[in-house]
Amino acid sequence: MTKARKNILITGGAGFIGSHVVRHFVHKYPDYQIYNLDALTYAGNLENIKDLESAPNYHFIKGNIKDIEFINGIFEKHQFDAVIHLAAESHVDRSITNPNDFIETNVLGTANLLNAFKASHDLLEDKLFYHVSTDEVYGSLGKEGLFTETTPYDPQSPYAASKAASDHFVRAYGNTYGLPFVISNCSNNYGPNQFPEKLIPLFINNIKHNKPLPVYGDGNYTRDWLYVLDHAIAIDEIFHRGSMGETYNIGGFNEWTNLNLIQLLCSLMDEKLKRPKGSSEKLITYVKDRAGHDRRYAIDAGKINKELGWKPSVTFEQGLEKTLDWYLSNDEWLENVTSGAYQEYYQKMYS
């Protein structure tokens with residue numbers, strides 16, 4: 001990225017990953033103007049970025065990427081030099097229940113951004129559209145092997161299909177219109193500020209309140225886990241030094257089955273809550289498996305390591321302990337976001 005590209009739009013910046021990316025860019029690059037666009041749906045929370053409100057290079061814009069006129073208007077007004085696009089519907093279970101929400105936000109919303117970005121500049125030199133995606137676009141692995149940047153797409157859920165489609169649109173705009181782009185596909189993120197519909201914060205909250213820990217099927221679904229602050233740094237590296245038109249896989253270099261992860265989480269929570277050893281593990285409850293549940297994801301992050309020198313700064317055990325400490329020290333945040341829609345959703349799912 002050249003020095004001319006300083007007016008940056010980050011979509012979904014009040015969400016989990018987005019808030020960490022926004023904070024990283026605001027603090028590290030004070031000469032950039034960072035515009036955070038978020039619709040503030042259930043997973044977007046201004047508390048996640050409250051500490052940035054007085055930063056002179058930070059600006060919040062409330063709006064939805066599905067609103068074409070609104071998106072066109074902000075691009076015309078601000079003439080963004082670059083976009084880091086994280087706004088998305090992201091929960092697989094929700095995509096099974098309401099696939100149209102994912103099509104509208106993840107596919108049509110991405111197309112709206114691409115069109116507005118293309119239309120707002122006569123020349124695209126020194127501009128960049130950075131699309132942040134998921135490893136779920138690749139489908140499911142067997143017992144061996146890793147996803148690479150050349151792995152054929154094989155999405156298995158409506159969520160994965162919507163992200164795969166948005167990836168394809170970004171590449172198509174690059175090929176057809178010469179729109180400068182990069183794409184990254186990441187593994188499962190964890191860390192502070194994650195909305196507690198996802199496994200780790202959900203189970204932390206349930207253990208605190210002695211509620212069941214619902215485990216899909218036999219629990220032997222394998223995922224690669226990436227600490228969210230490491231992901232933000234990887235996005236920075238790709239944004240500034242990644243090769244145009246390239247894809248980079250970002251992974252944590254560690255695989256855990258859901259069951260083994262939950263057992264480790266239970267052990268750490270027993271220790272931190274000063275409960276008898278094994279207390280939390282008794283809360284594990286096996287529930288009916290998710291439809292189309294991918295058996296294993298695992299990322300080969302060798303390309304970003306070799307080309308850009310990035311690698312995770314923490315092991316999963318270290319990152320998980322940091323994550324637990326954050327949630328246990330932020331009771332008010334957790335209580336606020338575990339009310340209303342969250343409660344209704346999970347009561348239906350696990351009743």
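Only the coordinates and a few stated rules stand behind these numbers; no lab work does. Since we're looking at a predicted model, the values are computed, not measured. Because the Cβ atoms are built from the backbone with ideal geometry, glycine has one as well, and the counts that use them run over all protein chains shown.
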The chain: antiparallel bridges as % of DSSP beta bridges, rounded to 5, reads 10 percent
Computed over region 19-95, the Cα gyration tensor eigenvalues, each multiplied by 5 and square-rooted, give semi-axes in Å (largest first) of 21, 18, 11
Ranked from fewest to most other Cβ atoms within 10 Å of their own Cβ, ARG171, ARG241 fall in the order ARG241, ARG171
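Provide ASP325, ASP81 in ascending order of the number of other Cβ atoms located within 10 Å of each residue's Cβ, fewest first.
Exposure proxy ranking, most exposed first: ASP325, ASP81.
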Applying the span-like rule to the chain (DSSP H, Cα extent along axis at least 18 Å, Kyte-Doolittle mean at least -0.5) gives 16-28, 228-241, 258-272
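Can you figure out the FRET efficiency of THR176 with LYS272, using R₀ = 51 Å and their beta-carbon distance, to the nearest 0.05?
Using R0 = 51 Å, I get an efficiency of 0.45.
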Taking Cα pairs closer than 8 Å and at least 6 residues apart, the relative contact order of region 195-315 in percent is 40 percent
Filtered hits (aspartates and glutamates, Cα-Cα < 16 Å from LYS211, offset >= 8 within chain) -> GLU197, ASP270, GLU281, GLU335, GLU344
Once ASN115 and ALA291 are pulled to full extension, the length gained, defined as 0.36 nm per residue separation minus their Cα-Cα distance, is 59.9 nm
If each part is reduced to its alpha-carbon centroid, region 198-264 and region 5-72 end up apart, in Å, by 22 Å
Charge tally for neighbours of ASP270 with beta carbon under 11 Å away, counting Lys, Arg as +1 and Asp, Glu as -1, is +3
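Arranged from highest to lowest average of other beta-carbon atoms within 10 Å per residue, in what order do the peptides 293-300, 282-289, 191-198 appear?
Averaged packing, sorted descending, gives the order 191-198, 293-300, 282-289.
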Once both label points are put 7 Å beyond Cα along the C-beta direction, the ASP122-ASP93 separation in nm becomes 5.3 nm
Surpassing 19 Å at the alpha-carbon level, of the pairs LYS198/LYS272; LYS272/LYS322; LYS77/LYS127; LYS198/LYS274; LYS6/LYS77; LYS198/LYS322, are LYS198/LYS272; LYS198/LYS274
For the chain, the dipole about the Cα centre with charges only on Cβ (Lys and Arg +1, Asp and Glu -1), to the nearest 20 debye, works out at 380 debye
Magnitude of the Cβ-charge dipole (Lys and Arg +1, Asp and Glu -1) of region 1-116 about the Cα centre, nearest 20 debye, reported as 420 debye
Out of TYR216, PRO152, ILE262 - ranked by how far each Cα lies towards the positive end of the dipole of the chain, with unit charges on the beta-carbon of charged residues - the top one is ILE262
The residues SER184, SER19, SER329, SER120, sorted from fewest to most surrounding Cβ atoms within 10 Å, come out as SER329, SER120, SER184, SER19
